[in-house]
1. Among 64, 344, 610, which comes first, second and so on when ranked by fewest other beta-carbon atoms within 10 Å?
2. Evaluate the relative contact order of segment 30-172 (contact order divided by residue number), counting alpha-carbon pairs under 8 angstrom at least 6 apart; express in whole percent.
3. Provide the percentage of antiparallel DSSP beta bridges, counting only those with both residues in segment 632-827; round to the nearest 5.
4. By counting other Cβ atoms within 10 Å of each Cβ, how are 519, 575, 113 ranked from fewest to most?
5. Starting from 0 in steps of 5 Å, tell me what percent of the Cα-Cα pairs of segment 608-752 lands in each bin.
6. Order these by the 10 Å Cβ neighbour count, fewest first: 817, 812, 689.
7. Just need log10 I(q)/I(0) for segment 75-132 at q = 0.13 Å⁻¹, Debye formula, equal scatterers on the alpha-carbon atoms, no solvent, rounded to two decimals.
8. Normalising by the residue count of segment 638-755, find the relative contact order in percent from Cα pairs under 8 Å and 6+ residues apart.
């Protein structure tokens, strides 16, 4: 429990005058909860401020800062003899002197003067005699001055025994109270799928697909029934458990992708709706309100479709109607169904709606790994190749910037590269990775007239950023407008594109389209996302057309996604450049099993398993080491933990930013840890966690930072690991008319920076912390998430969280004590100092042998899938039983923004 000298109710404790209450986990430690009087001795003492909440989860009572919470304690002598109560005393009140004892009920604000003057309170009461059958009532009060848990240990010294009561109150303010749950949490029930045996076909938006036939069409890649049944029965094909090898490349990744697709289907089912209304919108559309759509839960885009029918027919064989999505707004989608559906619709009708998953993305991934299997061994498995390349760097005159030594080296090596394995720019946070890529692209464009360059990034925003950097190059070095093209997916909203970039795109009627092959080949630089690069192969762009394929943020993409721009366009002489950081967050994967078996590892990260890359061979990789973003003290810990202390802090601090901040106890140390003990909460059927106490503290700190206008809202970023905490904070800032404070997950901040970053860690109970660790949620047990979170800050990093929870993780523990050692810790008492060991999250991956697929016209291999499924689980069999996670009432744990 963290109480000095504390023992259980069965074993009396002896408390010294300077006892101290450490961390009390009221979710886990039943000794601090209400007791059963039948189990007590002859002296029965009630529990003040008993927990509230019942079946939905007990938690301490709340009191508003500045107000006084009062409760009585009754001490009853049930014996036939007098009993001496030697004294009652409060030990270890935290914060100090928060709790007081009195024999009178504390007066209220409207009490008369005599009552107020007669009232006395203190931290102890003198001895008195309890006669047989007597009940003594004393009063315990707490008037908190700050938010967070307030705790006290009340000690009753009897002549025959000693009894203790632990008291916990949660002090709140108006902001935290405004975030209170409106309804208790209840685990969402699984929704019954509509009985779908065919449906009435809807009308697809004309701009979603180009009716022009593609030269290379995607196979359907429907998931074979036997494989689906195998995985849904919790069996894992042996090809996955054996691990990735030269002989099973396509098999291995296809199976992982099937696992991912099945999980996405299941996730979409959780959003199905029953008894909802549709509203008429003009003559063509019906709108459906979709809660969570703004947060991409579910993620819907133009061209997706839903299935709907009247709720009264939900369980019979009446087929549903297909409604295509024509427009997506904040929380509404505009749908177009077959004409007969619209004719019968009335705004009061109640419908059952089933969301569907657009498989085009998965089909592109399946096709990419199929094609990738034909790549050279030195490209897929360079460590197994007998060939070792030597690149002679080409000297250059900088174009767009003044590169440092490492940046210059990487550009020279890219110019000297003539194909072979990918060349890697290893770019830790703030080292100018994108600037280096832009310089390389401009050098190739300006000095090699026959180069054609494909540049890809994992997101539209990242691709747009590269386009902007290229367009803003110095006069005389800019790319000609008719030689650069921005390829967009048809589902991308027209208004999402910067008006200054629209001339570099191809569109019709405000819908982006794919140019024909004869148009594509005119451009020397094409910029795209990884996924949209598949359109190039679809249009028939041949292998070797691009002299260079440059992939930015390659650590954020899964290997199948990375293969989309490579597998169909790479030729022996094509130069492939990967830029990224394997120590930062990897791809977002829905299936935890697929992630753990290898889908969560990027191609970039896998390359570092080869000694040419891991040993820093200059013909394979250049590591950028000069950090221009972070204050040296912010950079210190990630540099030590992840980058072998090779990073060099180069941030210009000629005018120290933190000199303008009054918040810091140590002006020379720009990392502050504010310890606060709050409560984990959930509400409604939403499995996501929030912590109102922490959220209120975040708002308070933000207001302090902006009060003197030394900081603008745009200077501040707030990171939280749970969706609900993000939403609570966004709502609070909207109410305070501070809309420009960006609040988001670690993933949403990757690649970004702010002068000030405030991190809310949310967790406040060990039970839930252990759950997060098991499934790699939140911040704990994910070194990459830790690394990204603390390297977003340029000048000031503030962590707000429960130190007793956060210290369970080795990385966060180091951060906590680094702050404490530099007199930059505020708030509740920290835990005892401890050193924690690192654990290898990969150590449990299985490595066995498996089988392979062969190609089929529908895109699937049939060798192992067509044969009779053997009985599990014999040695040498092609399947093994999947490890089963123990998930109880937190079954919907997948909220960690993965």
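Please treat every number below as a calculation from the coordinates, not as lab data. This is a predicted model, so every value here is computed, not measured. All Cβ positions, even for glycine, are placed from backbone atoms using ideal geometry, and neighbour counts span all protein chains on display.
1. On the way: 64 15, 344 11, 610 18.
Going from sparsest to densest Cβ surroundings: 344, 64, 610.
2. 33 percent
3. 10 percent
4. Details: 519 12, 575 22, 113 8.
If I rank by nearby Cβ atoms, fewest first, I get 113, 519, 575.
5. 2, 8, 13, 16, 17, 15, 10, 8, 6, 4, 1, 0
6. 817, 812, 689
7. Scattering profile of segment 75-132, log10 relative to I(0): -0.50.
8. It rounds to 19 percent for segment 638-755.
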